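Some notes on the structure that comes next.
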Amino acid sequence: MEKLELFPLKNTRLDDPFWNKYTHLVTKQIIPYQWEALNDRVSGAEPSHCISNFEVAADLKKGTFEGAVFQDTDVAKWLEAVAYSLSYEPDSALEENADEVIDLIGKAQQPDGYINTYFTILAPEHRWKNLREGHELYTAGHLLEAAVAYYKITGKDKFLNIMRKFADLICEVFHTKEYERAVPGHQEIEIGLIKLSEVTGDRKYMDMAKDFIDRRGTEPNYLVTEHMNPLWIDIFKDRNPFLPEYSQCHKPVRKQDTAEGHSVRATYMYCAMADLAAAYDDKELFAACERLWNNIVEKRMYITGGIGSSGAYERFTTDYDLPNDSGYCETCASIGLALFSRRMAQITRNGKYIDTMERALYNTVLAGIAMDGKSFFYVNPLEVWPGNCLDHTSMEHVKPVRQKWFGVACCPPNIARTLASLGEYVYFQKDGNLWINMFVSGQTSLSFEDGTMTIVQDTRFPFEGKVNLHITADRSSSSSIALHIPGYARNYKITVDSKDIQPEIEDGYAYFEGCFSDTEITVTFDMPAHFTYANPNVRADAGKVAIEKGPLVYCLEEIDNGRRLANIYIDTNAPLQEQYDDHLLGGTCTILAKGRRTSEGSGNDQSLYSGKPPSFEDTDLMFIPYCYWNNRTPGEMSVWVKY
């Protein structure tokens, strides 16, 4: 299996009307704000303790560990976001700040290479004694990803060497007899080891990742039995029994057919499985990836690209169980789905995976951050009634407004690193050939032995279905350009230098060959707003309809449509009207529709129950993109509407 390569971020400059609303915040707002949060300097926000924990572990100050056992990962993802941002917006002060954090991590590193502030401060004798809950390998994985990113962008190897020493320790420990069957409770180390192997050329790190994947779900099951060790430490104090499905260790990975358990753990594992399948040409492992991806997308994914429908265990449940008001849809899970889908596209060159990647990025991932970059959703349901989002109820995980920070703050820095690395989703490359996956304005360039090729992309997507590509090259040899044709595109037309052409189409990509010395490619397609109906097995959406336009899912908000959105019925026979508003939410396309709603004066308003049917009145409805909801006045929101 020949895997397409991610495009170097330093070669890409994105400047897009839609994405600028978020990507321009990365260095101006998001990274500085999150640095303040990591240092516990955001008023009214839950404390992070991250930097403080490293200072205590490094013996730079007195104190103890505070926060969750995996708190170190927030620093790691912040550093990864910083690295990506430096590729397109150099900032000497920010880089110096990052270098100081890396120095701090190095000072907290133990003589044998170990890094984890929880165990270093609170329980050094219990290292590796609760892999189910301890998150040592999960934390190591995020630190490894950050170190690789920082090295690739800046060329500085201090962080890489720090983490390589830790990775060497992991490879040593987990090949001893005591740990020869051990696996991480929360997957992520596999991704970090794979990236370390790719950047260093040392295969032992890749082999260690493969060992972790191959061991998982085999008998005797390490995660099920490890609590019998007398040095096992109970971290979570969870009275519920451990469910092997929760950590995807219920079966060997090659025999898994359905997405089970904690959705973030699952998608991170699937990412590693895809990488390893390509690296070892493991067709059986890749077949498992295909089955698991299909199960998610065909039976366990929300229309917004959200996954993990249950707040209990943050997990997948069963096919078609997709409740709207209590749906969990953790932001990190959709990032995991986007990463998994991207890898599947790299391996297969099939555009269907890009369609799902887009769905997650444009909807749930963006909904996870406010348009000022300073507040966040951990949970992303498709229906919100603020009045019933009460603590100590089944709805306590749903927040009616974005939060300044979280005690468990995995999502905010995960969004930061995703937005900072957006260019890696837009383009792939291989052997001098280019794949264009997403329509995002900007410029990118490819370097060859005999010259360069530059592509300038200009579009107002996702609100307009037109893309102009201006390609210039100063080389004599030919290249191939593959252009993604989204599944939602209708009447797709392509011109090259103003001439209509019919390029070769394969698996959702249009292929062009040529020298492209000075070439203009124009792509036009229709993507009208339209009604979408759920599979009848999705009981939560029976008798309801949603609205989509291109990759965007739309929703009703109380500020535009009044309260009690559940009492609205949309008229699916009336045409939808698209209306672009320059002044709304930084410029957006709204969708106008006709419908009816129960009248405020209906008899049912006077008593809890009544034998009198409600009366209805006509109403005009306005839908906005789901990703923008809750950026104005807090209130009700709904994606699915009765019809």
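Some points to look at:
- Pairing residues of region 243-256 that are part of a helix (DSSP H, G or I) with residues that are at pLDDT below 95, at Cβ distances under 6 Å and at least 6 apart in sequence or on separate chains, gives TYR246/TYR313.
- A search for C-beta distances below 6 Å between a residue of region 557-579 that is within 18 Å of GLY387 (Cα to Cα) and any residue that is outside any strand (DSSP E or B) and of a type in the set (Phe, Trp, Tyr), counting only pairs 6+ apart in sequence or on different chains, returns GLU557/TRP629.
- Whichever residue in region 209-220 is part of a loop (DSSP other than H, G, I, E, B) and surrounded by 16 or more Cβ atoms within 10 Å (Cβ to Cβ) and, among such residues, is farthest from the chain's Cα centre (by Cα): GLY217
- Every residue from region 274-314 that is among the aromatic types (Phe, Trp, Tyr) and more than 17 Å from TYR353 (Cβ to Cβ): TYR280, TYR302, TYR313
- The set of residues from region 333-368 being touching a Leu at 6+ places or on another chain (Cβ under 8 Å) and not in a helix (DSSP H, G or I) comprises just one member, ARG349.
- Residue within region 318-330 that is modelled with pLDDT of 95 or more, in a helix (DSSP H, G or I) and closer than 17 Å to CYS411 by Cα present: no
- Among the residues listed as PRO575, PRO613, the single one being farther than 30 Å from ARG490 by Cβ and in a loop (DSSP other than H, G, I, E, B): PRO613
- Members of region 451-475 that are without any contact (Cβ under 8 Å) to a residue 24 or more places away in the chain and over 30 Å from PRO528 (Cα atoms): THR452, THR454
- Any hit, region 194-208, residues being surrounded by fewer than 19 Cβ atoms within 10 Å (Cβ to Cβ), modelled with pLDDT of 95 or more and within 25 Å of the chain's Cα centre (by Cα): yes
- Selection of region 60-110 for residues being outside any helix (DSSP H, G or I) and under 26 Å from the mean Cα position of the chain (by Cα) yields GLY67, ALA68, VAL69, PHE70, GLN71, GLU89, PRO90, ASP91.
- Test: CYS271 is of a type in the set (A, V, I, L, M, F, W, C), in a helix (DSSP H, G or I) and under 26 Å from ARG342 (Cα atoms): yes
- Any chance VAL545 is touching a strand residue (DSSP E or B) at 6+ places or on another chain (Cβ under 8 Å), surrounded by 13 or more Cβ atoms within 10 Å (Cβ to Cβ), under 20 Å from PHE18 (Cβ atoms) and touching a residue at least 60 places away in the same chain (Cβ under 8 Å): no
- Given (1) surrounded by 20 or more Cβ atoms within 10 Å (Cβ to Cβ); (2) among the acidic types (Asp, Glu); (3) in contact with a Lys or Arg (Cβ under 8 Å, 6 or more places away or on another chain), number of the condition GLU133 does not satisfy: (3)
- Top-ranked residue in region 286-317 [being of a type in the set (Ser, Thr, Tyr) and in a loop (DSSP other than H, G, I, E, B); ranked as surrounded by the fewest Cβ atoms within 10 Å (Cβ to Cβ)]: THR317
- Residues in region 412-450 that are assigned to a strand (DSSP E or B) and either free of Cβ contacts under 8 Å to residues at least 24 places away in the same chain or of a type in the set (Val, Ile, Thr) (or both): ILE436, THR444.
The values are calculated or read from the model by the stated rules, or taken from the named source; none is laboratory data. Everything numeric here is computed off the predicted structure, so don't read it as measured data. Please note: Cβ atoms are built from the backbone with ideal geometry, for glycine as well, and neighbour counts cover all protein chains shown.
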